[in-house]
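Remarks on the structure that follows.
The values are calculated or read from the model by the stated rules, or taken from the named source; none is laboratory data. Predicted, not measured: the structure shown is a model, and the values here were computed from it. Note: ideal-geometry Cβ built from the backbone for every residue, glycine included; neighbour counts use all protein chains shown.
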Amino acid sequence: MTRTVEHFLSLSNAENLSTKMNLGAGCGVAIWENQNDHVRYEAPHNNTFSLYMEGGTGTRRLDAGKVSGWPGAVCIMPAGQSSEWEITKRFRFVHLYLSDERLRSMFSETHDCDARQLDLPEANFADKPNVAQPLAELAHASMSNNLLHAEGALTDLIGGLSGRQTRLLGGLAPHILCRVEDYVEAHLASTIHLSDLALLSIFCVFVPYSMLPKTFSHQMTSKHHIAPFQRKSLKLHV
């Protein structure tokens with residue numbers, strides 16, 4: 001079953017006011033209205049950014065102190081974070097849906113940093129102009145079906161997200177190494193580039209070759225005859 005916030009809303013009383021704008025690669029925008037409802041998002045797979053466009057005072061987050069919303073409030077629901085909501089009065093809101101891979105890829109490219117530095121805490125009815133303004137622009141773009149406008153607003157939103165200072169250790173997690181090796185085994189007959197491996201490891205935009213442990217890199221390049229990497233990093237286009 002598809003476990004996304006959008007999926008859970010489609011099963012509720014919420015009404016989708018416009019055709020979802022698809023921005024490709026795990027990204028979409030939708031405008032909703034809802035009232036007299038009880039909704040639970042159970043560990044959704046994607047990240048959701050929400051802006052209350054009209055109303056919201058009748059909406060409460062039941063598992064977070066029962067605080068009520070307001071017009072202009074921003075909610076951020078990171079992937080995997082469950083939440084429970086009670087809606088009494090009609091209100092309108094816009095949602096931006098981003099897969100974790102797309103979000104981290106864009107963050108890495110926009111901020112020219114490692115994707116693991118993204119800091120995306122949960123937010124409930126927050127005053128965040130750096131998020132609210134791009135979300136409002138995305139809503140307008142969705143209603144007018146202006147893809148160029150939407151892409152610009154998405155870039156602005158990602159640019160406004162903060163990172164954290166993290167001591168990053170070299171190498172990839174064991175489960176990602178297994179994923180990369182399985183991919184190599186399945187594509188021995190074709191040329192394999194660093195970009196192919198980067199897309200499997202989330203670090204999708206600036207991926208240093210040193211992220212692969214030397215022993216594993218040597219094993220792959222010799223055993224599977226992968227073409228030598230000519231550059232230490234490769235910029236990918238999302």
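Taking (1) touching a Leu at 6+ places or on another chain (Cβ under 8 Å); (2) farther than 16 Å from MET53 by Cβ; (3) not acidic (Asp, Glu) in turn, ALA73 satisfies each apart from (2). One residue stands out in region 21-43 among those that are assigned to a loop (DSSP other than H, G, I, E, B) and touching a residue at least 40 places away in the same chain (Cβ under 8 Å): the one that is surrounded by the most Cβ atoms within 10 Å (Cβ to Cβ), namely LEU23. Only one entry of ALA64, ALA79, ALA43 meets the criterion of being of a type outside the set (Ser, Thr, Tyr), assigned by TED's automatic domain parsing to the domain that holds MET143 and within 26 Å of LEU147 (Cα to Cα), and that entry is ALA79. Inspection of region 108-120 finds no residue satisfying the criterion of being assigned to a strand (DSSP E or B), under 17 Å from the mean Cα position of the chain (by Cα) and β-branched (Val, Ile, Thr). The number of residues in region 110-143 being buried (at least 18 other Cβ atoms within 10 Å of the Cβ) and free of Cβ contacts under 8 Å to residues at least 40 places away in the same chain comes to 2. Residues that are assigned to a loop (DSSP other than H, G, I, E, B), among the polar types (S, T, N, Q) and farther than 16 Å from ALA30 by Cβ do not occur anywhere in region 62-72. Looking at SER68, SER12, SER83, just one residue is hydroxyl-bearing (Ser, Thr, Tyr) and under 20 Å from the mean Cα position of the chain (by Cα), and that residue is SER83.
In a residue-by-residue description of region 1-14, the property of being part of a strand (DSSP E or B) and either surrounded by fewer than 21 Cβ atoms within 10 Å (Cβ to Cβ) or of a type in the set (Ser, Thr, Tyr) (or both) applies to no position. In region 144-175, how many residues are aliphatic (A, V, I, L, M), surrounded by 12 or more Cβ atoms within 10 Å (Cβ to Cβ) and at pLDDT 70 or above? The total comes to 7. Is there a residue being assigned to a loop (DSSP other than H, G, I, E, B), surrounded by 15 or more Cβ atoms within 10 Å (Cβ to Cβ) and not charged (D, E, K, R) anywhere in region 86-101? Yes; the residues of region 86-101 include at least one that is assigned to a loop (DSSP other than H, G, I, E, B), surrounded by 15 or more Cβ atoms within 10 Å (Cβ to Cβ) and not charged (D, E, K, R).
Among the numbered conditions (1) outside any helix (DSSP H, G or I); (2) modelled with pLDDT under 65, the only one that SER195 does not meet is (1).
Residue by residue, here is whether (1) in contact (Cβ under 8 Å) with a residue 60 or more places away in the chain; (2) within 18 Å of LEU135 (Cβ to Cβ) holds:
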residue	(1), (2)
HIS45	no, no
LEU51	yes, yes
LYS66	no, no
TRP70	no, yes
VAL74	yes, yes
SER82	no, no
ARG92	yes, yes
SER108	yes, no
